[in-house]
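Below is one structure, written out as structure tokens; comments come after it.
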Amino acid sequence: MTRHGRRAAVLASSLLLSVFAQTGVASAAAKKPAPAPAATKKPTVTPPTKPATKPVVKPTPSKAAGPVKEAAPTLANRLAAVRTAKTINYYPSNAGWSAMWTHFDAVKIEADLTKAAALGADTVRVIVFPTAFGYPTPKADYATKLSKFVSIADGEGLSVKLTLFDWWAGYSDAAGSAAWAKAVLAPYANDPRVLSAELQNEFDPTDADAVAWVRKLIPGVRAAVPTMPLTLSVSGTTGQAGLTRIRTALAGTPLDYLDFHFYGNSERALAEIRKAQAAAAPYPIVIGETGLSTATGSEGEQAAYLARVFEAAKVAGIGSVAPWTLSDFSAGAIPANSAVSKIPAQYKFGLYRADGSAKPAAAVVKTYWTGQAITSASVLDLGFEAAAGNSPWRPYLAEDGAAVRARDTARTGTWSAKFSGTNRSDTGLPSVRTAPVTPVQPGQKWHAEAWAKGQNVTGTSEIALSWFDAGDKWLGQASSKPVPAGTSGWTRLTVDTTAPAGAASVQLHLKSGDNKGAVWFDDVTLS
């Protein structure tokens with residue numbers, strides 16, 4: 001995760017999220033920037049066209065007697081496995097970052113990795129800290145802890161991705177860094193339980209000292225573990241430009257793939273991921289971290305966020321997307337000497353709460369990793385039946401009239417969304433909005449519908465699909481017929497339209513403005 005807590009600072013300032021409460025719609029904020037394009041220079045290793053699911057080659061038994069031994073992994077099959085890995089980022093909920101190692105708890109780790117495997121994960125990413133492990137020579141007891149972690153993961157059917165040099169700025173000591181990295185990695189050089197090595201978490205390619213350091217580090221590590229794929233990750237704030245800089249700066253000392261951490265707007269995930277692919281090319285990329293903190297948005301929006309990123313990655317041809325992180329962190333779990341510990345959002349990215357109970361996002365991840373379909377209907381609370389606080393619907397112009405989650409009337413189920421006594425502004429009608437799970441591409445046909453019921457209705461109440469380009473510029477909208485004035489029964493409102501040129505995202509708005517009466521919306525469809 002971000003070495004200096006950049007993620008949460010940006011998240012807390014941008015993407016507007018909200019929660020339907022029992023009596024109204026509350027709003028919060030969250031977001032993290034995105035990437036942009038490029039291409040050129042080839043890495044030395046080309047992955048096989050047919051990816052393997054595990055970095056292990058098992059030979060066909062010969063007629064001679066004796067047990068079959070696993071062949072040593074190769075760079076090609078390890079890299080192929082990296083590109084399809086179902087990876088979960090991991091720290092224990094009660095011991096984040098370096099505390100995982102200084103307060104190593106094998107029983108807790110085994111229970112957590114059992115939970116990760118039950119979601120469908122086949123790989124776990126873990127970060128190793130030089131300051132905790134001993135530098136430049138790793139302490140024997142910490143090497144033993146890492147060995148134990150790898151064994152626990154293997155017992156749960158999980159491979160391990162190792163990330164090195166987080167919280168690190170010792171760029172003047174390239175020789176010591178190489179010696180430390182080789183000491184950590186060498187025991188796993190031909191160990192199929194360990195998939196890859198990330199030389200630094202969220203590397204800063206604008207730092208000339210860091211670039212000079214990593215250029216010296218790569219050859220030494222490559223010599224020590226020649227069949228282990230090497231990578232660097234870039235943060236969401238560095239994004240596309242960072243991928244381009246890494247690719248060009250390391251042309252003479254190539255890596256095997258690049259690791260993109262995506263915390264941008266999930267509604268435009270496909271456009272942003274494609275920019276990242278173009279920037280990294282011809283390196284393949286994986287999405288090594290992605291997610292949304294439920295400290296800044298609803299649990300329903302976290303689930304929708306991950307669903308959108310998974311679906312966008314699928315369309316873009318990226319086979320490995322790693323949620324950050326398995327669990328929320330309890331108070332005091334993040335070491336106090338880290339800036340991360342001061343940022344509330346950093347404690348709430350988990351698929352599970354700190355008490356071990358599952359958030360809705362856990363079901364989304366399991367659905368994706370077990371090969372089932374993720375749909376808007378299963379994630380977006382289109383009937384407004386989600387428990388209070390769990391809806392992904394968000395308000396727009398709520399100061400002119402906020403929707404409430406209402407129980408006084410519903411077309412089906414128990415709940416609906418209700419507007420009453422609304423105004424309007426120069427920028428439009430107050431509304432609640434959501435976005436589909438399916439990524440938007442120009443020329444696609446889209447259908448939206450909702451049922452609406454009115455009582456003493458005035459003004460305009462309707463549904464609309466609003467289009468945006470990759471830079472969040474509004475491109476226009478298509479609207480339904482309005483709810484009839486006065487009092488009416490349930491009326492079906494529909495929109496059928498085509499995504500315009502340049503469209504990268506779409507939002508469905510349920511609107512009601514200048515309405516002195518009341519209108520209810522229920523049973524939404526978006527496809």
For helix 360-369, what angle does its Cα long axis make with the longest principal axis of the chain, in degrees from 0 to 90 and rounded to 10? 60
Compute the whole-percent fraction of alpha carbon pairs in the stretch 354-400 spaced more than 13 Å apart. 67
Anisotropy class of the stretch 302-355 from Cα gyration tensor, a/c 1.5 cut: prolate
Determine the percent antiparallel among the DSSP beta bridges restricted to the chain, to the nearest 5. 70
Ranked highest first by average number of other Cβ atoms within 10 Å, how do 214-220, 307-313, 124-130 line up? 307-313, 124-130, 214-220
Based on the alpha-carbon gyration tensor of the stretch 243-384 and its eigenvalue square roots a ≥ b ≥ c, which shape applies: rounded if a/c is under 1.5, prolate if not and a/b is larger than b/c, or oblate? oblate
Over its alpha-carbon atoms, the stretch 376-491 yields an Rg and a Dmax in Å of 14.8, 41
Under the Karplus relation with 6.51, -1.76 and 1.60 and θ = phi - 60°, whole-Hz ³J(HN,Hα) for the stretch 470-482, x at Gly and Pro, equal 5, x, 6, 7, 5, 9, x, 8, 10, 10, 7, 5, x
About the Cα centre of the stretch 353-475, how large is the charge dipole given +1 on each Lys and Arg Cβ and -1 on each Asp and Glu Cβ? Please answer in debye to the nearest 20. 300
Stretchable slack from N190 to T414, in nm (0.36 nm times residue separation minus alpha-carbon distance): 74.9 nm
Gain in span if fully extended, T487 to Q444, counting 0.36 nm per residue against the direct Cα distance: 11.9 nm
In 5 Å bins starting at 0, how do the alpha-carbon pair distances of the stretch 69-123 split up by percent? 4, 17, 19, 17, 16, 17, 9, 1
Pull up all non-local amide H partners of N89: gap of 5 or more, or a different chain, and H-to-H distance under 5 Å with H placed in the peptide plane. R125, L326
Taking θ as phi - 60°, what are the ³J(HN,Hα) couplings along the stretch 104-118 by the Karplus curve (6.51, -1.76, 1.60), each to the nearest whole Hz, with x for Gly and Pro? 4, 10, 4, 5, 4, 4, 4, 5, 5, 6, 4, 5, 5, 5, 5
Suppose every Lys and Arg Cβ carries +1 and every Asp and Glu Cβ carries -1, with no other charges. What dipole size does the stretch 243-341 come out with about its Cα centre, to the nearest 20 debye? 420
Once you charge only the Cβ atoms, +1 for Lys and Arg and -1 for Asp and Glu, what is the size of the charge dipole of the chain about its Cα centre, to the nearest 20 debye? 980
Ratio of Rg to Rh for the stretch 148-262, alpha carbon only, Kirkwood? 0.97
Can you tell me the Rg and Dmax of the stretch 177-321, counting just the alpha carbons, in angstroms? 16.2, 47
At 0.36 nm per residue, minus the direct Cα-Cα distance, what do D496 and T248 gain on full extension? Give it in nm, one decimal, please. 84.8 nm
Computed Rg/Rh for the stretch 440-499 (Cα atoms; Rh = Kirkwood radius) stands at 1.08
Per the Cα gyration tensor, the stretch 478-527 corresponds to an equivalent ellipsoid with semi-axes, largest first in Å, of 25, 12, 10
Which whole-number percent gives the relative contact order of the stretch 173-273, counting Cα pairs below 8 Å spaced six or more residues apart? 30
Charges on Cβ only, +1 for Lys and Arg, -1 for Asp and Glu, centred on the Cα centroid of the chain; of S233, F165, A178, which one is farthest towards the dipole's positive end? A178
Which residue, chosen from T294, I318, I334, occupies the Cα position most advanced towards the positive end of the dipole of the stretch 243-360, where the dipole is computed from +1 (Lys, Arg) and -1 (Asp, Glu) charges on Cβ about the Cα centre? I318
Compare the peptides 516-526, 132-142 by average per-residue count of other Cβ atoms within 10 angstrom and give them in order, highest first. 516-526, 132-142
Packing-based ranking, highest mean first, of 203-213, 486-496 given that Cβ atoms within 10 Å are counted: 203-213, 486-496
Relative to the longest principal axis of the chain, what angle (0 to 90°, nearest 10) does the C-alpha long axis of helix 239-249 take? 30
For n ≥ 4 DSSP H runs only, could you compute -39500 (n - 2.57) per run for the chain, divide by its residues and tell me the 222 nm figure to the nearest 500? -7500 deg cm²/dmol
Taking Cα atoms, how many degrees apart are the long axis of helix 299-316 and the longest axis of the chain, rounded to 10 and kept between 0 and 90? 60
Cα convex hull of the stretch 94-202 - mean projected area over all directions, nm²: 6.7
Hey, if you put +1 on the Cβ of every Lys and Arg and -1 on every Asp and Glu Cβ in the chain, which of Q507, I463, M100 ends up farthest toward the positive end of that dipole? M100
Quick one: if you stick a label point 7 Å off each Cα along the C-beta vector at D141 and A331, how many nm between them? 3.0
Around S505, which amide H atoms from residues at least 5 apart in sequence, or from another chain, sit under 5 Å from its own amide H, with H modelled in the peptide plane? F468
With contacts defined as alpha carbon pairs under 8 Å and 6 or more residues apart, what's the relative contact order of the stretch 224-340 in percent? 24
Over the stretch 290-414, what is the mean sequence separation of C-alpha contacts under 8 Å (at least six apart), divided by residue count, expressed as relative contact order in percent? 31
Just to verify a number: FRET efficiency for S527 and A72, C-beta to C-beta distance, R0 = 51 Å, to 0.05? 0.55
Exceeding 30 Å between C-alpha atoms, which entries from my cross-link table qualify? They are K148/K182; K161/K348; K86/K275; K139/K216; K453/K473. K453/K473
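Read-outs throughout are calculated quantities, based only on the coordinates presented, and are distinct from any laboratory measurement. Note that the structure is a prediction, hence the values are computed from the model and not measured. Counting neighbours? That spans all protein chains shown, and the Cβs are built from the backbone with ideal geometry, glycine included.
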